[in-house]
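Accompanying notes for the structure given below.
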Amino acid sequence: MKGLVTALGCGLLFGVGLCLSGMTDPANIIAFLDVSGKWSPNLAGVMLGAIAVHATWLRLTARSADGTAATGVLPASGKRLDGALVGGAALFGVGWGVSGYCPGPALVALGSGAAGALVFVAAMAAGMVLREGRSAWTIKDSGRRSTSLP
Amino acid sequence: MLLAIFGGALIGLSASLYWSLNGRIAGISGILSGALLNRGSERWLRLSFLLGLVVSGVGFASFTNRVPAPTLPLLPLAFAGLLVGFGTRMGGGCTSGHGVCGLSRLSVRSLLAVLTFMVTGALTVFVLRHVLKLWVPS
C-alpha cells in the first residue's frame with residue numbers, strides 16, 4: 001500500500017516537472033528537433049536538470065553503506081549494443097519527430113481530455129502490445145520486464 | 001530556460017524517489033507496457049505511477065495553457081503513436097528510461113539510443129517541415 005502511494009506521488013511529481021518545463025507542448029519538442037529552423041534549447045535544459053539531480057542521487061545513495069537510504073547499488077545496465085536498440089530508438093525518433101510526443105508527455109496530455117491525445121496513447125499502447133505482446137502475456141511474475149533494461 | 005531546468009530537476013527527483021522508494025526505474029514506456037502486459041502486484045504500482053502522471057495533466061490542463069490539445073490530425077497522430085509505442089519497446093526505453101535514467105548512470109546503451117532517436121527525430125522534423133513543408137509552426 002505504501003508503495004502505491006509513493007508511486008502515485010512519483011508519477012505526480014514527474015508530470016508536474018514535465019508541465020512546468022513545457023515538455024507537454026509538442027511545439028517545444030519540435031522546436032528542439034528543428035535544428036535548421038528556430039532552434040530551442042529547452043529540452044536540453046530539462047535533460048540537464050533531470051540528469052544532474054538523478055545522477056547525484058544515485059552516487060549518494062549508492063555510497064550509503066548502512067543500506068537504510070537505498071540498497072546501495074546502482075540500477076543494472078544492459079551491455080549489449082544491437083540492432084533492436086538502434087532500430088527501436090530510430091523508429092521512436094521518427095514518431096517523436098512527427099508528433100512532438102514521447103510517452104510521458106503523451107500520458108500527461110490525456111489530462112487535457114483532447115481526442116488527439118487519446119488516439120495517440122491508444123496507438124502507442126497498440127504499438128507496445130504489437131512489439132512484445134505474445135511473449136509478455138505468458139510471463140507470470142510481473143516484477144521483471146520482458147525486454148531489456150534501458 | 002530556468003523553468004525548463006527546474007522542471008527537469010523535478011523529473012530527476014521523481015526518478016530518484018521512484019528508484020529509492022519503489023526500487024524501480026522511472027522509464028515511462030517500460031511502466032506503461034508493464035502495466036498493459038504484465039500481471040501481478042507490480043501492475044498496480046505501475047498503474048499508480050501512470051495515474052499520477054495523468055492527474056498532473058488534468059490539473060495543468062485545467063488551470064494553465066501548458067498542456068495544449070494536439071494540433072496534428074488524428075491519422076498522423078495515430079501513426080506516430082504506433083511508432084513511439086513499438087519503437088520504445090524494441091529499443092528498450094524512451095526519453096525518460098534511456099534519456100534521464102540511463103544517461104544518469106552512464107549507460108552506453110542509453111547513450112547510443114538517445115543519439116539515435118535525437119538524430120532520426122531531427123531528420124523527421126527537417127523533412128516534414130523544410131522539405132515537404134507539412135509541419136506548420138504553431
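Okay, here's what the table says:
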item	result
The protein assembly as shown: projected area of the alpha-carbon convex hull, averaged over directions, in nm²	13.8 nm²
Where B meets A: accessible area buried, both sides, 1.4 Å probe, Å²	9900 Å²
Per residue, in Å², the accessible surface of chain B once ligands and nucleic acids are set aside, probe 1.4 Å	41 Å²
Percent carbon-and-sulfur accessible area, the stretch B:16-138, ignoring ligands, DNA and RNA, probe 1.4 Å	75 percent
Mean-position separation - Cα centroids, the stretch A:81-128 and the stretch B:1-65, in angstrom	15 Å
Principal axis dimensions, chain B - Cα atoms, whole angstrom, descending	47, 40, 36
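The values are calculated or read from the model by the stated rules, or taken from the named source; none is laboratory data. The shown structure was predicted, so the numbers you read here are calculated from the model rather than taken from an experiment. Ligands, DNA and RNA are excluded from the accessible area calculation, which covers all protein heavy atoms including side chains. Shrake-Rupley method; radii C 1.70, N 1.55, O 1.52, S 1.80 Å.
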